[in-house]
1. Here's a check for you: in region A:62-89, which residue that is at the interface with chain B (Cβ under 7 Å from one of its Cβ atoms) and among the β-branched types (Val, Ile, Thr) is surrounded by the most Cβ atoms within 10 Å (Cβ to Cβ)?
2. Considering only region B:235-278, how many residues are more than 7 Å from every other protein chain (Cβ to nearest Cβ) and surrounded by fewer than 18 Cβ atoms within 10 Å (Cβ to Cβ)?
3. Hey, among B:92, B:108, B:98, B:123, which residue is in contact with a Ser or Thr (Cβ under 6 Å, 6 or more places away or on another chain) and in a helix (DSSP H, G or I)?
4. Can you find even one residue in region B:148-163 that is buried (at least 17 other Cβ atoms within 10 Å of the Cβ), among the β-branched types (Val, Ile, Thr), under 23 Å from residue B:83 (Cα atoms) and at pLDDT 90 or above?
5. Is it the case, given these coordinates, that residue A:150 is crowded, with 24+ Cβ neighbours inside 10 Å, out of contact with any Cys (no Cβ under 8 Å at 6 or more places or on another chain), more than 30 Å from residue A:372 (Cβ to Cβ) and in contact (Cβ under 8 Å) with a residue 40 or more places away in the chain?
6. If you check residue A:249 against the conditions, is it assigned to a helix (DSSP H, G or I) and out of contact with any Cys (no Cβ under 6 Å at 6 or more places or on another chain)?
7. Scan region B:19-26 and give yes if some residue there is in contact (Cβ under 8 Å) with a residue 60 or more places away in the chain, among the acidic types (Asp, Glu) and at negative phi, otherwise no.
8. Which residue pairs have Cβ atoms under 7 Å apart, sit 6 or more places apart or on different chains, and have a first residue in region B:98-115 that is at the interface with another protein chain (Cβ under 9 Å from one of its Cβ atoms) and a second that is in a loop (DSSP other than H, G, I, E, B)?
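The values are calculated or read from the model by the stated rules, or taken from the named source; none is laboratory data. What you see is a predicted model; the values in this text were computed from it and never measured. With ideal geometry, Cβ positions are generated from the backbone for all residues, glycine too; neighbour counts draw on all protein chains shown.
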Amino acid sequence: MDALGLARLQFAVTTSFHFLFVLLTLGLVTVVAVMQTRAALTDKPVHARMTRFWGRLYVVNYALGIATGIVMEFQFGLNWSGLSHYAGDVFGAPLAVETLVAFFLESTFLGLWIFGWDRLGKWVHLALIWLVALTAYASAFWIMVANAFLQHPVGHEERDGVLRLVDFPALVANPLFGLAFLHVLLAALTVGGVFLTGVSAYHFIKRTAEVDFFRRSLRTGVVLTAIVTPFLIGVGFGQFPIIGEFQPGKTEDVSGAGGAGLGFMIQIGLVLFLVSWLTVPLLFRDWVVRMRFPLYLMVIGIPLPFIAAIGGWLFRELGRQPWLVYGLLRTEDALSDVSREGMLFSFIAFTAVFAVLAIADWILIARLVRRGPVDAPAPVSPLVPAL
Amino acid sequence: MEGLWVALLGLLTAGYFALAGFDYGVGLLFRFVGRDEAERTGVIRTMTPFFLGNEVWLVAAVGVLFGAFPRLEGELLSAHHGSFVTILVGLVMFTAAVQLRSHPLWDVPLVAGALIVAAGWGVLLGNVLGGPPFLWAAGLVTMFLLHGAVFLTWRLHGPLRSRAVLLARVLIAPSAAFVVAAVLLSGPVQAPTYGWAGATLVLFLLGGTWPALRRRLYLLAFLCTATTCAVPALAVFGAQAVVTTETMSHAPTLEALTWPALAVLPLVLVFQWTTWWMSRATR
């Protein structure tokens, strides 16, 4: 494989890994914020315990996700310097806003939330998790603005061989942005809902003594999935006319990994929609727990929304080829002047590190899940100093 | 307008090296300062509340680099591909290990990651300057070690503090030797004034760290070494005139980015300050 192929493969692999972390981060932070809100409003211990248990899973996932995010940020300049050179004035703007407004603030808020556990007043601490959630959404917002520009470049003019920004609001009004952003958010909430459901089901399979704790978690997960999936599917199909208008042929000519991705995404979305609505009536008197066999399906279902999201992303990005910036800059013309060996080194290094991170994430989350909610005063993160 | 963005890039870069510098130093030192697992956990937890806040200064700096200096970003990163990939691999190892350290086995990626990042920045700066990369790798590792040790003298007590003070004193002379060697062995540069000014400032601050430690003015010593860690990157980029207006975005982009940047920076400073203030209150 030549340097171009390696650089493309590296981008696909690292972004896929990064996206897996991001989906769970966005899904879980919402759920944790809701749990903490209920804990603050009701003063029932079960909600505080749920916040701590699910919060720890969230923090572990964030810890590894942020590491993949740093690599993503550098990758544009490392391997695709032609993109910064030609379109950096326009494409760089939303990315800069993302790192400044979202990433910078999000990590600062999260650090304070972790460190402020049992130190800050409950309302201040609650406000912090909502600020973390909002800045996480803002992060997704600006990343999707940047991505929409690659799909359908707007708000620019070309002068002296480089693009210049002429209309910043046009980037946000991009027809390829709004629904796609909503779609990603709803997908992340679905990931959160299915994750909550699957983990709770695992504990019922193990005949947990924490019946109240996991009943509430299971219900939250199932209801969240049931509420979100119809909108997710609606917003998904709603994008086809827009794609048809601005990227003619993308849906018709799709083949290979992109086509398979689109197919998987649609099928998994429909399955999750149907199954979650079939499960809602079974929540009555815990029928779903007593029947037992649905619990196994719930555990098996945990990876499904991840697979669907990767599939959808592959369709969106592969369907853009051979363009990096649609109609303006070809992918091959944006490649950095880096030797094939240099590219091979970074591909192997990043892929190996990301694979280890993903496995570590999976092992750590699985271990925390198996341990279940513990009442020993375990901190929400190893970052917290012992009190 | 251009001046504002150059200043912001400089501030974020300086902030990253001044703050994350002690993360890497503590990461390299905590196994020596702490003699058993309980002590080591205690040592590393002096640093961890600030960890996320410290590391994101780099993320913000690169974000500004991309948005406001796109042609420099592409040029710089792709020209030093190997160095940046190495730094990133170390950064990922270090970031993950610090946050997940639940078993001494995590210390392998933690220490290795800190070493790779510190040496990687040294190699990068050495290459940009046209100086010997090995010298710069050793030099930045030494400066981060010193900064970490001084941070620990400020945050620890009792015998742990004594060990940190001893380490810090031992590290001052090699840091100064590195600065002198770096100046003597550097190739021709565009704007030597930056190099001379930076080297003089660092030597002056290192000279101040010694008496500050003797008089137990640990916070003052910490401020000295924080500045010494921030200076090399600024001096090297300044001396080679890396940041030019030709590499910058055009006015409309800079205008669009100014308000978000001006709104966020004070917020981040306030919230990061709160973290420091809270840790002081509970110490």
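1. This residue is A:71.
2. Qualifying residue count for the region: 18.
3. Exactly one of B:92, B:108, B:98, B:123 is in contact with a Ser or Thr (Cβ under 6 Å, 6 or more places away or on another chain) and in a helix (DSSP H, G or I), namely B:123.
4. No: region B:148-163 contains no residue that is buried (at least 17 other Cβ atoms within 10 Å of the Cβ), among the β-branched types (Val, Ile, Thr), under 23 Å from residue B:83 (Cα atoms) and at pLDDT 90 or above.
5. no
6. The answer is no for residue A:249.
7. Yes, because at least one residue in region B:19-26 is in contact (Cβ under 8 Å) with a residue 60 or more places away in the chain, among the acidic types (Asp, Glu) and at negative phi.
8. Final answer for the pair search is B:99/A:381; B:99/A:382; B:99/A:383; B:100/A:382; B:101/A:382; B:102/A:382.
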